[in-house]
Amino acid sequence: MSDPMGPTEYPLNSYQAAMRRTYKPNRLLNHILGLVGEAGEVAELIKKDQYHAKQYDRMTMKDELGDVLWYLAALAEDHGLTLAEIAERNDEKLSMRYPNGFVPGGGLR
């Protein structure tokens, strides 16, 4: 889905539908451990960049974040949720908590 003019929008629910091709149900523990493991790989890229002068390239980060997204979509699927409804709810929650945008010490709970 590459556009020579720049990034295109790819609806979250379209991604989740495509993810189902490789999704296996009833593997909740695998999905949560996979998410944590892939998030750790993202953290490792940043750690090596910051502390070991080993720069990562954009494509590597994109690949690792894509793996995080796959596991997030799998967990959403495990719970009967869509990525779009999760994103929408998170936006609502943050809008209520930070009505004027993020201001240190200014969140409402």
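None of the figures in this text is laboratory data; all of them are computed from the coordinates on show. Bear in mind that the values here come from a model prediction, so they are computed numbers and not experimental data. Quick reminder, even Gly has a Cβ in these numbers, built from the backbone with ideal geometry, and neighbours come from all protein chains shown.
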* Residue by residue through segment 48-54, which ³J(HN,Hα) values in whole Hz follow from phi under the Karplus form 6.51 cos²θ - 1.76 cosθ + 1.60 (θ = phi - 60°), with glycine and proline marked x? -> 5, 5, 6, 10, 10, 6, 10
* Asked: Arranged by the count of other C-beta atoms within 10 angstrom, fewest first, what order do Met96, Met61, Met19 take?
  -> Met96, Met61, Met19
* Using θ = phi - 60° and the Karplus curve 6.51 cos²θ - 1.76 cosθ + 1.60, what whole-Hz ³J(HN,Hα) does each residue of segment 78-91 get, with Gly and Pro shown as x? -> 4, 9, x, 10, 9, 4, 5, 5, 5, 4, 5, 5, 5, 4
* Farthest toward positive dipole pole in the chain [+1 Lys/Arg, -1 Asp/Glu at C-beta], among Ala73, Tyr98, Thr22 -> Tyr98
* To do: For segment 69-75, take each phi angle, set θ = phi - 60°, evaluate the Karplus expression 6.51 cos²θ - 1.76 cosθ + 1.60, and give the result in whole Hz per residue in order, putting x for glycine and proline.
  => 4, 4, 5, 5, 5, 5, 5
* Asked: Order of 67-77, 20-30, 84-94, 37-47 by packing, highest average Cβ count within 10 Å first?
  -> 67-77, 37-47, 84-94, 20-30
* To do: Kindly give the semi-axes, whole Å and largest first, of the ellipsoid equivalent to the chain, taking each as the square root of 5 times a Cα gyration tensor eigenvalue.
  => 24, 23, 18
